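Okay, so here's the structure we're looking at.
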Amino acid sequence: MARRILLIRLSALGDVAMLYPVVYRALHENPDVHITLLTRKAMVPIFSHLDRVDIFVPDLQNKHRGLFGLTRLYAKLKKKRFHAVVDVHNVLRSRTIGALFKLGGTKVVVLDKQRELRKKLTAKENKQRVELEPMVECYRQTFIKAGMQVSTIQAPPIFHFDGLRKGVGFAPFAGFTQKALPQEKIPMFVKALQSLDEEVYLFGAPGKERELLQSIAHETGAKLAVFSGGLREELKFMSGLRAVVSMDSANGHLAALVHCPVITIWGATHKDAGFTPLHTQVHVEISTDELTCRPCSVFGNKPCWRGDLACLHRIKAEDVVEAFKSIS
């Protein structure tokens, strides 16, 4: 008899990408498990090729908005008679859904976000430099609490690339200014990467990011990475690159899904908070000995205490070039 699991992770793209290897291993090691993933439409391409995974995309802006909307969503989901609910988001919305299932007698397990340790790591005064469990390991532990066997977080790449890898992907933006490379530094980083005799492909979200990158591409001769086939096409393209240089953002996690080497650039955030892309060993950052304020937040969503974003402005393009050489 199949064990039906409701898995909740509604956002963000990087966090959902980190969930992939755990889902893969859970399916591989538990052949009786069938997973329904409650997530946003943009995340579907990451999991669409997996057997025994259904995607349920809620209408959180309209039909499933607010308490009444979530109650309506629960009424629809409970018809699937889940054996357990695995909440790896742990926000008000997901906890509300979990509480409704718990009231109905369904087992519910919730991700431990290590909130107290996060506060210590990012404190302005009396900072405690603790290394948090990687988020992907926290996901694994949550699955285990739900009764599944997940012995490792290793998974094969979503796309296999058998040819000669060429080119470097460069994703200089992030969801918050405190994690994004300052705009005036982007052209010099592009030119530094081009000095490696590699084609440079610029990755950015549609809208202002892509408009700026289009201008930089015109200025430097780099190429703008745009994919008419969506996320799956982007992942396939990344699988053929020699490396992806990414800020602390989703692009690094996407590259990790296809086992493309990732070089991460860190600003206000820090790899000790647990959000390093899987397999990543190469990091570019200003040391915490030089900037004792780092990290000032887990997600980069707090104003710079110094007011000058030195953690980003002091990073040199030459450091990224040396990082690339170390993985070549």
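Quick rundown of the values:
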read-out	value
Mean separation of Cα contacts under 8 Å, 6 or more apart, over the residue count of the chain: relative contact order %	17
Helix axis angle, 13-29 relative to the chain longest principal axis, alpha carbon, degrees	50
Length-normalised contact order of segment 149-213 in % [C-alpha pairs under 8 Å, at least 6 apart]	36
Cross-link table 191/316; 166/191; 127/271; 63/145; 166/208; 41/119, entries beyond 20 Å C-alpha to C-alpha	63/145; 166/208; 41/119
Residue-averaged 222 nm ellipticity for the chain, from DSSP H runs of 4+ at -39500 (n - 2.57), nearest 500	-10500 deg cm²/dmol
Nearest-ten-degree value, helix 208-220 long axis tilted from longest Cα axis of the chain	30
Of 275, 68, 159, the one that fluctuates the most in a GNM where the chain has Cα springs shorter than 10 Å	68
Positive-end residue, segment 174-235 charge dipole about Cα centroid, Cβ charges, pick of 213, 180, 228	180
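Values in this text are rule-based calculations from the coordinates and carry no lab data. On a predicted model such as this, the values are computed, not experimentally measured, just so you know. Quick reminder, even Gly has a Cβ in these numbers, built from the backbone with ideal geometry, and neighbours come from all protein chains shown.
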